[in-house]
Each structure stands twice: as structure tokens, then as C-alpha cells.
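The values are calculated or read from the model by the stated rules, or taken from the named source; none is laboratory data. Just so it is clear, the model here is predicted, and its values are computed rather than measured. Here the Cβ is made from the backbone with ideal geometry for all residues, glycine too, and neighbour counts use every protein chain on show. Keep in mind that these areas ignore ligands, DNA and RNA; they rest on the heavy atoms of the full protein, side chains included. Shrake-Rupley method; radii C 1.70, N 1.55, O 1.52, S 1.80 Å.
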Amino acid sequence: MAARCRKGDRQRSRAMHSPPNSRNDVRSSATSAEALSPILSRVPAGQTSIWRCPRCHGALACSKATLDCRRCGHAYGQVDGIPDLRVPGESWIDFEEDLATAREVAALDLPLEDLVRAVYARRSGWDEDLIGMRTRQVLAAPERLHGDISGWLAEATSQDVWLDLGCGPGMLLAAAADMKRPGSGIGVDVSMTWLVVARRLILAHGGRPILAAGLGEALPLADGALSGVVSLDVIEHVDRPDAYLREIDRVTRPGGRLALSTPNRFSLAPEPHVMVWGVGLLPHRYQARYVAWRSGKSYVSTCLMSSIGPRRILKRCTNFAARIIIPPVPEDEIRRFSPTKARLARLYNSLSGEVALRAVFLLIGPFFRITGVKETSLPA
């Protein structure tokens, strides 16, 4: 997903999607084709990939090392069997640098934990404690997500072909593989490096990785290709939320399910990406400077929304009949809190379910979820 930030802080991608020359790219193309086999029965005759050209939505044919568009002629390279279907544009990452890193990571012969650690170790200013903590979080996440998949994500992940949009290192797809969900999960993320990790994580959990690098505003899928879309903590990072939601609407068939989550801009809790209080209370143009002043951290790829924003865009730009959910703070997180913070969290959980207080918690709650069903009629 393209990051939402001030124009002067963005980097313009120079990715040209030239075919890869890595032996690892060629070796993995067969594996990628095998992974697609469970859902190829749903792909139109003559098309050998579920993925479509992000430029023209034309069918893509698999060759030895590329996916080739039959309509406009563009060829898209692969890394570790994962097609690079990103289109040139502005993004929070430089596509060429990410592609080079992804090829380096794909060539590493490391256990999964060491592979995740190697990706985090490339981040400037990260010490061993932080690298270790984030590595453990990635590896533990699939088990932690079982409750979400059997709960509020059940409908979106149990039908036909569903998409994890902004899948990152593949934690949700790995969790679905653990649980032997009836639907076939596929993943799209803007970072090829994290998709290389996702492939290994999904395989480690017994799944079949079906992944592509792409942008949320230009999804490499056909109209109505999906029975559901899940996109967790992504909308606050996209440059154009309206385009992102329109694309989700385009690729979801009537009756398909939507599940989103995002932190709340006006929460009374600290901003979760930088742990600084009061960020969302300021106008967007002042937030990055405020975060830098308070913490010394960069804040150029995040723009939190209130519950009103996504609801308005969904109504204006999509066919989804959506509702907003105020979720409780998970008990496994509460157990890691200090005694005082744990008491406040449990009080929040007990009060947030009260109908009379719903409007208050939609305004100040730490985060919210959106679920929806795509209707057949067009929005007025």
C-alpha cells in the first residue's frame, strides 16, 4: 500500500519491473504454479494465473520467470516464485531497493526465526532487544490470530478465494493454514521482502502460499474475483483511502465479505505506531513535527482516521453495507499490562459494550473494526 504522508516526504518509485535474473526466481516458479492449483479451477479457461495485470486487468500467462499480460504486453518479474505486480508510483518504500533486498533475503539459507530477524536487523537504529521482540511477535502471531479467524473474521475467511490485503509477513494466512479453513487465502503486500518471509511462514504452518507484490490502489485481480477481503491495520497507511476501498469493492463479488481494522485517530490512548499521546488531536500537517519533537521518531507513513472517515468513504465509493465494531482489548494483551493499566482495560471492555455509550467509544476507543457485505445495487 502506498503510504499516506505529505508529498514532500514521499519517495517516487523508479521500479520498471524488469524480468529477474536470479536462479532462485526461476527455481521457485514451479512451486508457485503448484501453490495456485487449488484455485485454478475457478480461473477462466486459458488463463494460467489468478493474478491479473494491475494496469489493464488483462489475463496473465505464466512463463519460466515472468507473468506476461496478454492484453497490454507488460511482463512482470518474480522473486522466490512471487510475482512483482506493483505499478510505478509514490510509495513509502523504494521498489528497486525492496526488490534487491528481497532477492538477498530469498537467497539466505536460514531457519525461519533467523530469516525474520535478518529482515528486522536491516532497520536503522534497531537494537537487539527490539529486533528480538518484533521477531517473536511475528512467529507467535499465527497462533494468536486463531481467535480472530474463528470470530469476527470467520465469514470473510471461510468462502472460496479471499484476500489478505497488506499481508506483511503472512501471519493471518499462516493462521488460516493452521486451522484448515475451507476458503483459499491469497496475499498482496507492497513489500516484496516481507512476502519472501510470508512464503516461508505459510509453508512452515502447512499452507500453500499464493502471494503477489502489489498496491492496494491497483490490485492485480479481476473484477469480482474474491469472496472476501481482509485488510488489518492498513487503511491508515494508504495514500488514497478512496481508491483503496474502490479497488476492494471492484475485486469482491456481490455477497462477498469485507473485514477491516484500524487504530482510532481520536483515541485517548497513545498513537500505537510511535507510542506518543495526542497525535490524532492535531491537524495532519502538524503531526509529523509533533511526533519528532516528542519522541525523535519519523511519522511520515501513517495517517489515522476516525470512525467517521471510513464509513463515509464506504458509503460514497463502494457497494458494501458496512457496520463498525468496537472490539474489546484482548485478554492475552491485558495480561501483559501493569496492574493499573489492566484494571483500566477491563473497565473499558465492560463499558464499551453498552449501547448507550457506543457513540462515546466510537469517538475515543483505541481502535475499531469494520465488517461488511457487498450488495448488488450501485451506491446512490
Run the quick spin-label model on Arg346 and Arg55: label points 7 Å from Cα toward the beta carbon, then report their separation in nm to one decimal. 5.9
GNM flexibility winner over the chain from Arg181, Arg55, Arg285 (Cα, springs under 10 Å): Arg285
Quick check on the chain: of the DSSP beta bridges with both residues there, what percent are antiparallel, nearest 5%? 55
What is the Cα centroid distance between segment 110-161 and segment 303-380, reported in whole angstrom? 23
How many nm is it between the label spots at Arg246 and Arg71, if each spot is 7 Å from the Cα in line with the beta carbon? 1.6
Test of understanding: in a Gaussian network model of the chain with alpha carbons linked when under 10 Å, which of Glu333, Glu128, Glu271 would top the mean-square fluctuation ranking? Glu333
Using per-residue counts of other Cβ atoms within 10 Å, averaged over each peptide, order 104-115, 350-361 from highest down. 104-115, 350-361
What do you get for the angle between helix 308-317 and the principal long axis of the chain? Use alpha-carbon atoms, 0 to 90 degrees, nearest ten. 40
If one compares the long axis through the Cα atoms of helix 23-40 with the longest principal axis of the Cα atoms of the chain, the angle in degrees, nearest 10, works out at 70
Sum of -39500 (n - 2.57) over DSSP H runs of 4+, divided by residues of the chain (222 nm, nearest 500): -11000 deg cm²/dmol
As straight-line cross-link partners of Lys374, the qualifying aspartates and glutamates (C-alpha separation under 20 Å, not fewer than 8 residues apart within one chain) are Glu155, Asp160, Asp164, Glu217, Asp223, Asp242, Glu247, Asp249
For the chain: accessible area per residue (Å², 1.4 Å): 46
Given a 10 angstrom Cα cut-off, can you work out which residue in Thr101, Thr340, Thr252 is the most mobile in a GNM of the chain? Thr340
Report, to the nearest 10°, how far helix 339-352 tilts away from the longest principal axis of the Cα atoms in the chain, using its own Cα long axis and a range of 0 to 90°. 80
Assuming 0.692 mPa s and 37 °C, estimate D for the chain with Stokes-Einstein, Rh taken as the Kirkwood radius over Cα pairs, in µm²/s. 153
Length gain on complete extension for the stretch Leu268 to Arg144, per 0.36 nm per residue less the alpha carbon to alpha carbon distance? 42.1 nm
At a 1.4 Å probe radius, carbon and sulfur cover how many percent of the accessible area of the chain? 54
Provide the FRET efficiency to the nearest 0.05 for the Arg253-Gln137 pair, computing r from the beta carbons and using R0 = 25 Å. 0.15
Of the options Gly309, Cys53, Gln159, report the single residue whose Cα projects farthest towards the positive end of the charge dipole of the chain (beta-carbon charges: Lys, Arg +1; Asp, Glu -1). Gly309
